[in-house]
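Taken together, the values in this text are just the output of simple stated rules run on the coordinates, not laboratory data. Given the structure is predicted, the values throughout are model-derived calculations rather than measurements. Don't worry about glycine lacking a Cβ; one is built from the backbone with ideal geometry, like all the others, and counts go over all protein chains shown.
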Amino acid sequence: MQLQSLTPNLMVKDVNKTLDYYTNVLGFELIQTVPEKGIFDWGFVKSGNVKLMIQKETSIKSEYKELENYKTGGALTLYIQVEDLQKWHETIKDKTNVIKPMHKTFYGANEFAIMDINGFILTFSDILE
């Protein structure tokens, strides 16, 4: 068996507002929503090979009772490799909450991190595999 992909499913209070942030601020492409119009329960966005599912807090908690006592945001970070990191940084730095400025890491990568409108931390890096 070989795993094919990973799509984090982010629990949020307002799917519409979150999809707007990811598409208009971070430049992701909206792939699908449920329902198709109106107030969404969930949606998919992608940018290159990076895909995210955005799901309304009440919806995901009804699906996974184990999440009942959890808040939105997360005790995790999403680590995303970016082609032309400097250009990406210039594109979004004034539109979002940069929590860790561009810097060189001890392992040789250039990185910066943002916190999205739901408290999720996204670290963008130019590290090559």
Inset, instruction - Please check the chain for the longest run free of trypsin sites (Lys or Arg not before Pro) that are loop-located per DSSP (anything but H, G, I, E, B) and have at most 15 other Cβ atoms within 10 Å. - result: 96-129
Inset, instruction - Within the stretch 29-125, list the GluC sites (Glu not before Pro) lying in a DSSP loop whose Cβ has at most 12 other Cβ atoms in a 10 Å radius. - result: 36, 68, 83
Legend entry - Whole-number percent relative contact order across the stretch 73-129, with pairs defined as alpha carbons under 8 Å at least 6 apart: 43
Legend entry - Cα-based radius of gyration of the stretch 73-129 once divided by 2.2 N^0.38 Å, which approximates compact folds: 1.07
Inset, instruction - Please give every one of the lysines within straight-line cross-link reach of residue 13, meaning a C-alpha to C-alpha distance under 21 Å, and leave out same-chain neighbours fewer than 8 residues apart. - result: 37, 46, 51, 56, 61, 65, 71, 95
Inset, instruction - Counting only C-alpha contacts under 8 Å and six or more residues apart, can you give the relative contact order of the chain as a whole percent? - result: 22
Inset, instruction - With Cα Rg over 2.2 N^0.38 Å in mind, check (1) 0.99; (2) 1.10; (3) 1.70 and report the label derived from this structure. - result: (2)
Inset, instruction - Kindly provide the chymotrypsin sites (Phe, Trp or Tyr not before Pro) of the stretch 55-129 that DSSP labels as loop, not H, G, I, E or B, and whose Cβ sees at most 14 other Cβ atoms within 10 Å. - result: 64, 70, 106, 107
Legend entry - Dipole magnitude (debye, nearest 20) for the stretch 1-96, charges at Cβ of Lys, Arg, Asp, Glu: 120
